[in-house]
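One structure is given below, encoded as structure tokens.
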Amino acid sequence: QQTLTMAEAFSLPLVATNPVCFLHSDDHDAHQARECINQGRLLSEGQTTIPESCYFKTSAEMIQLFKDFPDAIQNTVYISQRCACELPLDKINLPIFEKKPEAQVAELLVKKSESGLESRVGA
């Protein structure tokens, strides 16, 4: 409700989102077991920080979930179309870094550190 109020107050479009912590709805128990192992507690304690609804929903499920806000679905589709990219899986895509002598790197690090310190403390 607070999100709707803010969207109206600031004339912002709504976007349909859903937190995803596991792929399928029936993966919740496995996720909860991993969470318990990570936190060193027992499943029998019954505590979970992730609700069962945090799975990767289908388009149909998202449309149903946001049936009262069809614009939110359209805005989400619009964003996804603008963010779409293709990465070839058979090719390594890493940035190319210019190799510099170690002394140059150390000098650059000192300069960046000093300018950062000056901007923070005003020295």
- Task: For region 110-123, enumerate the residues that are open to solvent by 100 Å² or more (accessible area, probe 1.4 Å) and within 30 Å of the chain's Cα centre (by Cα).
- Result: LYS112, ARG120
- Message: For region 59-68, check the following and say yes or no: at least one residue is touching a Pro at 6+ places or on another chain (Cβ under 9 Å), closer than 28 Å to ALA30 by Cβ, without any contact (Cβ under 8 Å) to a residue 60 or more places away in the chain and not basic (Lys, Arg).
- Response: yes
- LYS91 under 30 Å from PRO13 (Cβ atoms), at pLDDT 85 or above and basic (Lys, Arg): no
- Item | Selection from region 79-94 of residues that are open to solvent by less than 100 Å² (accessible area, probe 1.4 Å) and without any contact (Cβ under 8 Å) to a residue 12 or more places away in the chain | SER80, CYS83, ALA84, PRO88, ASN93
- Item | Single residue of region 40-69 satisfying the filter (in contact with a Ser or Thr (Cβ under 9 Å, 6 or more places away or on another chain) and more than 19 Å from SER80 (Cβ to Cβ)) that is modelled with the lowest pLDDT | GLU52
- For region 22-76, which residues satisfy the criterion of being farther than 30 Å from LEU4 by Cβ, hydrophobic (A, V, I, L, M, F, W, C) and within 22 Å of the chain's Cα centre (by Cα)? ALA30
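The values are calculated or read from the model by the stated rules, or taken from the named source; none is laboratory data. What you see is a predicted model; the values in this text were computed from it and never measured. Every residue, glycine among them, receives a Cβ derived from its backbone with ideal geometry; neighbour counts consider all protein chains shown. In case anyone asks, the SASA skips ligands and DNA or RNA and just uses the protein heavy atoms, side chains included. Shrake-Rupley method; radii C 1.70, N 1.55, O 1.52, S 1.80 Å.
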